[in-house]
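Everything below concerns the one structure shown next.
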């Protein structure tokens, strides 16, 4: 399901509930980032372009949750199976996550303002194309294009914020405003989607992005947002290998869920080949996508596992529960969106509390507490579904999930940035982003294997699906605790 984090310089942002601080765009040493001279940025108020950057960020993040309540309507309209729905959701996160590994470098190389505007324009155009998709295959391809555009927008927007606000104190306030949008987007997604699907159809959730994109481009049209170009090189073949490996592994998992075992075996074998190609190129690269020093940092592996586990849970739950609400409980898309409020509302305010806790006592408590809440939430979901309990019994699970995500993610960002060696905070942020989106992709692929779109969901299978996040988050909590003990 992706706020900036505490870091050494501004940059790559998170597409998740907001924390009140920032990280660098790329892995360059912080000193290498050009600091604008006092007269290099126009002295007109940067408030208007900041609103544009926030609106663009809102649009990208809204697309991560708005589709959840439209799943049954989309399936009926296009005759989709569960596997088709999984790809409609995962095509976005697969491409988004893989490209985030190099997105900061792209913004540096071509100029963040050029990359941001191109990303917004592409997002608006691709969204309109999604609205008129004649079949599922076309929709899946276009969702992948949206992932490319989103990966361009997120880090570039943070780089522009740094350009607009060269004074650290002013920048911190601007980052807080910009970051707060992420929680609002995640909270609004199911409700906005429910209203649009109820009144129109699933196609409306894509049409709404077009005017948002136009408004964003108008707000950032001034000269003040211009950023310098750099000389960074981008290893496109390695990036392609990362995308291929993730997409093929996802396809294998989805095929297993639909009973296509031969298909799954072929995709898994191809994923291994693509992964091997990626590793081989990484070892020879002068500027690897996955910076070895970051991966070897103390506590990094456990933190990355926890980040993947959190997104696995959030996105998996957002995939399964709307099907349960609309198919088994026969609720409308709007009511389904409203029923997610106990989960999504904490995204909008709790990260601010988390930021204060982290600043006062460090990230360990919020990370451990967040993972514990997610584990409890998964157990509550499973028990409620298995026993046929009413929605009221699911509220506790939704609350635990909402607070668990909004406690754990901001603290994990701080953990990763603090653990990263000097000058690699941006690379660490990019890796965390990519790992989180990989977790989101796996959440949809794995949990989707237990549900269907043609009738009521079997309680036993649905309970198992909702229990899996508890197992994953429990394992991540043990890994984090074990690492802390050894540290």
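The values are calculated or read from the model by the stated rules, or taken from the named source; none is laboratory data. Since we're looking at a predicted model, the values are computed, not measured. Positions of Cβ are generated from backbone atoms using ideal geometry, with glycine treated the same way; all protein chains shown enter the neighbour counts.
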Just the residues that are surrounded by fewer than 24 Cβ atoms within 10 Å (Cβ to Cβ) and over 15 Å from the mean Cα position of the chain (by Cα), please, taken from segment 55-73. 55, 72, 73
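Out of the residues in segment 213-222 meeting the condition of being modelled with pLDDT of 90 or more and surrounded by fewer than 19 Cβ atoms within 10 Å (Cβ to Cβ), tell me which one is farthest from residue 136 (Cα to Cα). Steps first, please.
First, pick out the residues of segment 213-222 that are modelled with pLDDT of 90 or more: 213-218.
Then drop every residue that is not surrounded by fewer than 19 Cβ atoms within 10 Å (Cβ to Cβ), which leaves 214-215, 217-218.
Working: 214: 27, 215: 29, 217: 30, 218: 32 Å.
It comes out as 218.
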Given (1) outside the structural domain of residue 343 (by TED's automatic domain parsing); (2) modelled with pLDDT under 85, where does residue 271 come up short, assuming only one miss? (2)
Which condition breaks for residue 337 when tested against (1) crowded, with 16+ Cβ neighbours inside 10 Å; (2) modelled with pLDDT under 80; (3) part of a helix (DSSP H, G or I)? (2)
Would you say residue 349 is assigned by TED's automatic domain parsing to the domain that holds residue 104, modelled with pLDDT of 90 or more and touching a helix residue (DSSP H, G or I) at 6+ places or on another chain (Cβ under 9 Å)? no
Could you list all residues from segment 223-268 that are in a helix (DSSP H, G or I), farther than 22 Å from residue 109 by Cβ and modelled with pLDDT under 75? 257
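Looking at residue 111, is it on the phi > 0 side of the Ramachandran plot and in the same structural domain as residue 142 (by TED's automatic domain parsing)? Step through it out loud before you land on a result.
Numbers: on the phi > 0 side of the Ramachandran plot: yes; in the same structural domain as residue 142 (by TED's automatic domain parsing): yes.
Answer is yes for this residue.
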Out of 106, 115, 95, sole residue that is part of a helix (DSSP H, G or I), under 20 Å from the mean Cα position of the chain (by Cα), more than 25 Å from residue 316 (Cα to Cα) and modelled with pLDDT of 80 or more: 115
Hits in segment 269-290 - residues which are surrounded by 17 or more Cβ atoms within 10 Å (Cβ to Cβ) and part of a helix (DSSP H, G or I): 270, 271, 274, 275, 277, 278, 281, 282
